[in-house]
């Protein structure tokens, strides 16, 4: 049976705010949000592509810490042009653009949701502002709000979803 929305989280829980993705996956596993399935892709999300495609989702939201030049804890849906134009911090094996391109070969809609980190360094704890932002995102999904109202980061501009 196909699902509507699959959230593929990305990140490393041992690298401070880069653990935003794994934390969201943990929260959604403990307290699921209706209509959302989650897969924790960790530091090598390309290795989870087969799981994502097997679920046959209509939409995939890839969630990761991303250096977007915003205040720590800010969330943005990132436009393809902005992903290509800006430096998206990556502590992962392959650039996120390769993952998104691969998913788009078989998934109707693929979005990238970035969370601005503060500190990304080995053995640092997650900062309070990023922890709070992840928990607020989980609460928003659990309440059925989805991504309504999340701003878009478009190459050089911002728009509200």
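For segment 100-147, name all the residues that are in contact with a helix residue (DSSP H, G or I) (Cβ under 6 Å, 6 or more places away or on another chain) and touching a residue at least 60 places away in the same chain (Cβ under 8 Å).
115, 117, 118, 119, 120, 121, 124, 126, 127, 130, 134, 138, listed by residue number.
Could you grab me the full set of residues in segment 139-161 that are in contact with a strand residue (DSSP E or B) (Cβ under 8 Å, 6 or more places away or on another chain) and at pLDDT below 80?
Correct list: 158, 159, 160, 161.
Can you pull out every residue in segment 2-36 that is within 24 Å of residue 143 (Cα to Cα) and surrounded by fewer than 17 Cβ atoms within 10 Å (Cβ to Cβ)?
Once the filter is applied, which keeps residues that are within 24 Å of residue 143 (Cα to Cα) and surrounded by fewer than 17 Cβ atoms within 10 Å (Cβ to Cβ), segment 2-36 yields 2, 3, 4, 29, 30, 31, 32, 34, 35.
Name the residue, out of 66, 44, that is at pLDDT below 95 and crowded, with 23+ Cβ neighbours inside 10 Å.
66
Which condition number does residue 120 fail, the rest of (1) more than 16 Å from residue 36 (Cβ to Cβ); (2) surrounded by fewer than 12 Cβ atoms within 10 Å (Cβ to Cβ) being met?
Answer for residue 120: the failing condition is (2).
The values are calculated or read from the model by the stated rules, or taken from the named source; none is laboratory data. Predicted, not measured: the structure shown is a model, and the values here were computed from it. Note that each Cβ is placed from the backbone with ideal geometry, even for glycine, and that neighbours are counted across all protein chains shown.
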